[in-house]
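Have a look at the structure below, then the notes.
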Amino acid sequence: MLVKYEFLKILRKKSTLIVMAVSLILTGFLFGLPVMQYQIYNQDGVIKGAEGIAWEKEQSAELSVPLSEEYVAETIREVQGLFENPDNVGYDGNEKFLIGDAYWNKVAQREKLLNLIANTYSKPNEILGYNNLPDLDIKDGASFYQAMEAKIQTLLGDSSRALSQEQKEYWGSMAGRVNTPLQYGYYGGWEVIISSFELLMFSLLAICIVVAPVFSGEYQSGTDAVILSAKYGKTKLATAKITASLLFGTAAFILHIAVACIGPLAAFGADGWNLPLQIANTVIPYPFTFLQAVLINIGIVYLVLVAMIGLTLLLSAKVKSPYLVLIILVPVLFIPMFLTPNGTTGAYNLTLFLLPYRSTMPEFGKYISYQFGGLVLDALTVRAIVYAFLIIIMLPLAKLGFKKHQVA
């Protein structure tokens with residue numbers, strides 16, 4: 001009954017309804033921007049919005065294929081054959097490219113796939129396009145997966161990454177678990193969601209704003225004297241307030257995730273949920289499908305939220321005004337937005353990747369790892385451990401802070 005009362009107390013506040021409404025609208029708008037701003041080109045010009053998405057999906061329907069060595073080799077030979085005809089080739093003074101029907105009928109609808117293939121043969125920090133495919137020697141076959149593995153090993157051996165032998169073996173072993181041949185297909189909706197996760201920071205802040213007065217609001221209104229002198233004021237009521245806050249935070253989070261995902265998936269479709277991440281970038285080492293990647297990162301973002309709720313409750317139990325809580329909380333959440341990592345190793349970078357803002361970003365292709373003696377863990381695992389630990393620490397401290405509050 002106490003939990004129900006405290007939950008309804010949070011839910012029925014006018015400020016809660018306003019903050020949640022604004023946050024949900026903002027989340028829907030931010031995750032809907034890729035749909036509203038979407039545009040693609042065909043021979044007739046630009047196609048925008050839903051019409052452009054529908055056209056691209058129609059063009060991509062024939063590209064749902066396994067990327068076998070034979071298919072990759074045949075595709076490369078086809079592009080090389082197009083470049084052999086001078087009438088198909090344009091030149092801008094820097095590089096050659098296909099023009100006219102050769103481009104629009106043979107390349108345009110599968111340019112993303114062709115660029116993926118070309119970049120698999122590129123050097124680290126080098127970006128190639130389909131127009132580099134004629135430079136490949138495939139007389140003895142494409143050796144696509146050999147090139148994919150070689151590129152990953154080159155990345156791991158790059159001296160600028162400063163990876164230990166144990167870290168190289170960790171990432172090499174993980175990449176080795178990726179199933180091949182890769183199944184290619186359309187994955188537009190999932191690509192939007194994965195690239196937009198950091199936008200959820202605004203919803204995390206909104207939830208913390210609602211939770212901020214849970215304890216400090218009692219101090220501000222002067223009801224703390226009555227509550228703390230009651231029979232269960234320092235025990236069951238404190239637990240009920242924390243539980244209600246977590247229930248509210250969980251419900252609000254689920255609602256925000258639904259709003260964030262429904263827009264992109266409704267517009268672009270859920271196609272590609274079971275396809276491997278490697279069709280977005282072949283050097284991604286995580287052996288996940290797009291759906292698995294999204295669910296795992298949602299789980300991590302949820303742990304970040306609960307830890308931030310714990311911090312909010314701890315501050316709320318310690319200070320006398322919800323505004324003071326937010327003055328401390330907002331910098332914790334948003335200052336990291338303005339800090340840019342300069343690599344993937346070193347204390348500064350590894351700390352930055354664990355701060356709330358960066359922890360919402362999956363960064364699947366960056367090989368961010370933490371080593372403790374002989375134990376190597378990837379960033380996703382460490383984030384889950386760190387925020388689970390913070391939850392275990394923060395929530396009891398929040399309860400203790402309220403119990404020890406001295407009534408003025």
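A few points about this structure:
- Flag if residue 142 is among the small types (Gly, Ala, Ser), at pLDDT below 95 and crowded, with 18+ Cβ neighbours inside 10 Å: yes
- All of 170, 130 fail the test of being at pLDDT 95 or above and either in the same structural domain as residue 364 (by TED's automatic domain parsing) or surrounded by 19 or more Cβ atoms within 10 Å (Cβ to Cβ) (or both), apart from 170.
- Candidates 47, 40, 53 - the one that is in contact with a helix residue (DSSP H, G or I) (Cβ under 7 Å, 6 or more places away or on another chain), free of Cβ contacts under 8 Å to residues at least 12 places away in the same chain and over 30 Å from residue 245 (Cα atoms): 47
- Listing of helices (runs of 4 or more DSSP H) fully contained in the stretch 300-408 that carry 2 or more residues being more than 26 Å from residue 278 (Cβ to Cβ) and either acidic (Asp, Glu) or over 24 Å from the mean Cα position of the chain (by Cα) (or both): 322-334, 379-403
- Listed here are the helices (runs of 4 or more DSSP H) enclosed by the stretch 1-89 that have at least 1 residues being among the small types (Gly, Ala, Ser): 14-36, 49-60, 69-84.
- Test: residue in the stretch 2-19 that is in contact (Cβ under 8 Å) with a residue 24 or more places away in the chain, closer than 18 Å to residue 193 by Cβ and surrounded by 15 or more Cβ atoms within 10 Å (Cβ to Cβ): no
- So residue 379, is it within 30 Å of residue 237 (Cα to Cα) and among the small types (Gly, Ala, Ser): no
- Selection within the stretch 176-219 - of a type in the set (Ser, Thr, Tyr) and over 13 Å from residue 27 (Cα atoms): 180, 184, 186, 187, 195, 216, 219
- Residue in the stretch 158-174 that is out of contact with any helix residue (DSSP H, G or I) (no Cβ under 8 Å at 6 or more places or on another chain), of a type in the set (S, T, N, Q) and not in a helix (DSSP H, G or I) present: yes
- Cβ pairs under 8 Å, 6+ apart, first in the stretch 97-115 and surrounded by 16 or more Cβ atoms within 10 Å (Cβ to Cβ), second among the basic types (Lys, Arg) and in a helix (DSSP H, G or I): 98/106
- Subset of the stretch 348-395 (residues that are hydroxyl-bearing (Ser, Thr, Tyr), free of Cβ contacts under 8 Å to residues at least 40 places away in the same chain and touching a helix residue (DSSP H, G or I) at 6+ places or on another chain (Cβ under 9 Å)): 370
- Residue count, the stretch 1-34 (criterion: touching a helix residue (DSSP H, G or I) at 6+ places or on another chain (Cβ under 6 Å) and closer than 30 Å to residue 52 by Cα): 9
- Residues (in a loop (DSSP other than H, G, I, E, B) and within 16 Å of the chain's Cα centre (by Cα)) located in the stretch 251-284: 273, 280, 281, 284
- Within the option set 94, 179, being more than 22 Å from residue 69 (Cα to Cα), surrounded by fewer than 16 Cβ atoms within 10 Å (Cβ to Cβ) and not charged (D, E, K, R) holds for one residue only, 94.
- Filter pass, residue 262 being touching a Leu at 6+ places or on another chain (Cβ under 7 Å) and closer than 30 Å to residue 57 by Cα: no
The values are calculated or read from the model by the stated rules, or taken from the named source; none is laboratory data. Computed from a prediction, not measured in an experiment: that's the story for all the values here. Positions of Cβ are backbone-derived with ideal geometry, glycine not excepted, and every protein chain shown enters the neighbour counts.
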